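Here is the structure we will look at.
The values are calculated or read from the model by the stated rules, or taken from the named source; none is laboratory data. The model shown is predicted, which means the values in this text are computed figures rather than measured ones. Cβ coordinates were reconstructed from backbone atoms using ideal geometry, including for glycine residues, and neighbour counts include every protein chain displayed. In case anyone asks, the SASA skips ligands and DNA or RNA and just uses the protein heavy atoms, side chains included. Shrake-Rupley method; radii C 1.70, N 1.55, O 1.52, S 1.80 Å.
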Amino acid sequence: MLILMKVGASDAQIDQVCSIIQNRGIEPLILPGEPRRAVGIPASLSHDQRVDLESVLGRLDFVSKITQTSSPFKLAGLEFHPEKTVVQAGNVEFGSGKFVVIGGPCSVESYEQFRKAADQVKAAGATMLRGGAFKPRTSPYSFQGLQEEGLAIMKRVSEETGLATITEVMSADKVEIVAEHTDMLQIGARSMQNFPLLIEAGKSGKPVFLKRGPSATIDEFLLASEYVLNQGNPNVVLCERGILAMDKTYMRNVLDLNSVPVLKELTHLPVVVDPSHGTGVASLVAPMAKAAVVAGADGVMIEMHPDPNEALSDGSQALDSEQFSALVGELRGLAEYCGLRI
Ligand code: PEP
Ligand code: MN
């Protein structure tokens, strides 16, 4: 519901509208806008609540109009929040006009491997370090990640290098421990609709990097983000990481770059592209990362490994240090061309 105030309505009159709403146990949102301001109600209302509020608020002579909102994305959508959100994770900002490059291996495999990768990521000029400790693998017989030991390595390497980190959390009961060891919680594609996990990540207040499910529609993706946002956690970054491919001969997924401008039309949340999982093939990563800049993304997440042939997971899509560094250089040029800083 949207309560449009008359032109020139005072702060006291806005407050009066807000307290009528609050007295019914509902949280209002004051929406900026000159010269006409509005108050929004993001929560879905029952029929009785709607009728009651319409009749009470409709009697106030400083209220101009009451309308029902159409967007199902009450918090992620632009209707109630037209200004872009900037999400801060450690010393990294998403959505601030500075293009973010997240780099690192698919998995944290050992202190030596991860420290080496971190040094290479830093030397290349990338801004954030990734690495999986809890790995969602198709087969239970594949490497599952170093788990708690991987988290400890990540924290140590972050302290040693000063790089902010991001790692995946796969279940609600691990949110607390993962949050203690990293700057940003990644919710993987397979977990996009793990609602208890989304709620717990929301409650943690920690920045959340939400990956699009392999067969999720844009609406499902945004509604998943809504689960985090409505726990009072506004720090959500959306990540396009490819959707199911019809032809898997040459690629693992189809990187849906359409989703970047589509999301930009629908939401104020920052959007990052992951061309590594989006293609699954190392040689396709650089062209699609560059395309992501031009499509309007706020950053990219790239898998790299000091020795891709030895990687315990996703070696075929990992760049080596040289390729990674060359790509960051190219992204820098392109980002500047697109009016972004990097
Ligand atoms: C990952 O980033 O390592 C990962 C498993 O990604 P996704 O959830 O997109 O498959
Ligand atoms: Mn991976």
Quick one: ranking 20, 302 by accessible area, 1.4 Å probe, largest first, what do you get?
20, 302
Note down the net charge around residue 217, summing +1 for each Lys or Arg and -1 for each Asp or Glu among other residues with Cβ under 13 Å from its Cβ.
-3
Give the relative contact order (percent, whole number) for the chain; include only Cα pairs under 8 Å separated by 6+ residues.
16
How large a share of the accessible area of region 2-67, in percent, is made up of carbon and sulfur atoms when the probe is 1.4 Å and the other protein chains stay in place?
50
For region 223-342, the Kirkwood Rh over every pair of distinct alpha carbons, in Å, works out to 15.2
On the formula 1/(1 + (r/R0)^6), with r taken between the Cβ atoms of residue 64 and residue 203 and R0 of 41 Å, the FRET efficiency rounded to 0.05 is 0.65
I want to check the label-to-label distance for residue 6 and residue 143. Put each point 7 Å from Cα in the C-beta direction and report it in nm to one decimal.
6.9
Residue 156 to residue 86: extension gain in nm, 0.36 nm per residue of separation minus the Cα-Cα distance?
22.5 nm
So how much accessible area does residue 294 have, in Å² to the nearest 10, using a 1.4 Å probe?
100
For region 1-134, what log10 I(q)/I(0) values come out of the Debye formula at q = 0.09, 0.10, 0.12 1/Å, with one point per alpha carbon and no solvent?
-0.48, -0.54, -0.63
Tally of Lys pairs whose C-alpha atoms are under 19 Å apart, taken over region 87-337, 8 or more apart or cross-chain
16
Cα centroid distance between region 235-265 and region 50-87, in Å?
31
Find out how many positive minus negative residues lie around residue 77, taking Lys and Arg as positive, Asp and Glu as negative, among other residues whose Cβ is under 15 Å from that of residue 77.
-3
Over the chain, with the other protein chains present, what is the accessible area per residue in square angstrom, probe 1.4 angstrom?
43
If I model region 2-67 as equal point scatterers sitting on the Cα atoms and use the Debye formula, what is log10 I(q)/I(0) at q = 0.21, 0.22 Å⁻¹?
-0.80, -0.88
Hydrophobic long helices for the chain, i.e. whole DSSP H runs reaching 15 angstrom or more by Cα along the axis with Kyte-Doolittle mean at least 0.5, come out as 218-229, 282-295
How big is D, in µm² s⁻¹, for the chain by Stokes-Einstein at 10 °C and 1.306 mPa s if Rh is the Kirkwood radius over C-alpha pairs?
75
Working out 0.36 nm times the residue gap between residue 338 and residue 176, then minus their Cα-Cα distance, what length gain in nm do you get to one decimal?
54.5 nm
Would you please give the FRET efficiency between residue 71 and residue 112, computed as 1/(1 + (r/R0)^6) with r the Cβ-Cβ distance and R0 = 35 Å, to the nearest 0.05?
0.10
What relative contact order, as a whole-number percentage, does region 101-177 give when Cα pairs under 8 Å and 6 or more residues apart are counted?
34
